[in-house]
């Protein structure tokens with residue numbers, strides 16, 4: 001975080017109400033001065049970290065065309081890509097305005113202009129000179145914006161928003177990056193050229209969680225810009241991967257990975273980093289796999305739902321395994337006994353050929369949920385009754401009672 005309190009007001013100095021509010025804010029906060037909204041060249045040279053727009057509300061609670069054009073120009077100035085913006089809207093204050101303020105046309109107009117800007121802040125209350133003088137907490141809120149540390153990588157986020165629009169989402173608290181377009185549910189990275197340039201730019205962010213689902217990725221090498229990064233959680237579901245080769249060297253800190261709905265027919269779990277704790281590989285066409293259980297003792301969760309696996313005994317030898325879903329596979333049995341202590345809490349065996357639940361599951365003090373949907377009629381009733389008596393949550397088919 002960068003602690004730099006340099007800030008300016010941008011307003012229409014020819015508007016009397018704007019001038020009065022600007023003067024009050026300069027008096028009561030750390031704002032240095034104000035600049036006329038018509039002086040775009042001066043604004044571009046000001047090199048401040050934060051800008052506070054003070055704009056009058058006209059007509060039917062609207063933003064007039066002049067300000068619409070000026071704001072559009074200003075927020076796209078290259079020098080301001082690293083700056084943060086606060087918008088204060090002023091006008092005559094009426095009690096009836098407050099409940100509907102955020103639904104006014106001017107709010108929608110501003111949000112449209114700012115749709116490619118990372119987290120601009122539109123102050124949620126209509127202001128006036130009288131309201132500011134009557135209630136000083138508004139000055140405190142403005143001061144919070146001024147002194148809040150600026151993100152050192154704000155320019156990168158604004159460049160990504162400018163390039164990708166609604167197809168990029170950054171969660172600061174989780175250090176999470178997502179490229180899903182909310183309106184369509186598809187990835188904004190479908191094009192190879194766009195994907196390469198965007199990921200290169202995004203690699204400068206301190207990413208811990210990266211979502212690249214539905215991005216047409218064919219091989220791990222396409223993530224080259226993130227090699228040896230801090231990424232711990234990676235979602236590569238609904239891509240075109242058929243191998244994990246190279247991922248342990250590329251992303252050694254990875255602990256959670258989804259490669260669901262890709263093109264795997266064989267999967268080598270030994271290619272995974274040794275810190276991996278969760279691997280989701282459901283909805284592929286996996287019929288064979290490799291797994292060194294001694295190398296991956298820390299694995300806690302595996303999902304292999306809807307593949308073509310006939311035998312899954314190896315997974316149950318993982319000593320810290322808590323959740324496993326092998327449902328919708330042609331599995332006909334579970335291991336009769338375990339060589340290690342089991343901490344299994346969730347077992348998914350829906351739509352399998354399993355008819356017998358081993359004693360180690362029945363007697364487990366950890367098991368909480370067992371999914372037997374669509375095979376509940378094949379399981380011994382005594383096993384079902386015993387699990388129910390223990391308080392285990394049995395997941396069954398819709399409209400079925402057991």
Exercise. Grab the alpha carbons of segment 1-101, take their convex hull, and tell me the volume per residue in Å³.
Key: 122
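Kirkwood hydrodynamic radius, computed over distinct alpha-carbon pairs, for segment 295-402: how many Å, to one decimal? Don't jump to the answer; show the numbers that get you there.
Values: mean 1/r = 0.0721 Å⁻¹.
The answer is 13.9 Å.
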Quiz item: Once you put a point 7 Å from the Cα of residue 373 and another 7 Å from the Cα of residue 60, both along the Cβ direction, what distance in nm separates them?
Solution: 4.9
Exercise. On a C-alpha basis, how far is the centre of segment 1-71 from the centre of segment 111-130 in Å? Whole number, if you could?
Key: 12
Self-check item: Over the chain, relative contact order from alpha-carbon pairs under 8 Å, at least 6 apart, %
Solution: 8
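Taking Cα atoms of segment 351-400, Rg/Rh with Kirkwood Rh, to two decimals? Working shown, then result.
Details: Rg = 10.2 Å, Rh = 11.1 Å.
Across segment 351-400, the Cα-based Rg/Rh ratio is 0.92.
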Quiz item: Out of the DSSP beta bridges found with both residues in the chain, what percent are antiparallel (nearest 5)?
Solution: 10
Practice problem: Could you tell me the largest-minus-smallest coordinate of the C-alpha atoms of segment 95-187 on each of the three principal axes, in descending order and whole angstroms? | Solution: 47, 30, 20
Quiz prompt | Rg/Rg_globular for segment 131-244, with Rg_globular taken as 2.2 N^0.38 Å and Rg from C-alpha atoms | solution = 1.34
Quiz item: Rg and Dmax of segment 245-324 over Cα atoms: what are they, in angstrom?
Solution: 11.6, 31
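By per-residue mean of other Cβ atoms within 10 Å, what is the highest-first order of 389-396, 84-91?
Numbers: 389-396: 13.4, 84-91: 21.5.
Per-residue mean Cβ counts within 10 Å order the peptides as 84-91, 389-396.
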Self-check item: Relative contact order (%) - criterion: Cα under 8 Å, at least six apart; region: segment 7-147
Solution: 28
Quiz item: So, in nm, how far is label residue 333 from label residue 268 when the simple model puts each one 7 Å beyond its Cα toward the Cβ?
Solution: 3.0
Self-check item: Relative intensity, log₁₀ I(q)/I(0), of segment 176-290 from a Debye sum that treats every alpha carbon as a point, q = 0.15, 0.16, 0.20 Å⁻¹
Solution: -0.61, -0.69, -1.11
Quiz item: Taking the chain on its own, what percent of its Cα-Cα pair distances exceed 35 Å?
Solution: 48
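Read-outs throughout are calculated quantities, based only on the coordinates presented, and are distinct from any laboratory measurement. Every value quoted in this text rests on a predicted model; they were computed, and no experiment measured them. Note: ideal-geometry Cβ built from the backbone for every residue, glycine included; neighbour counts use all protein chains shown.
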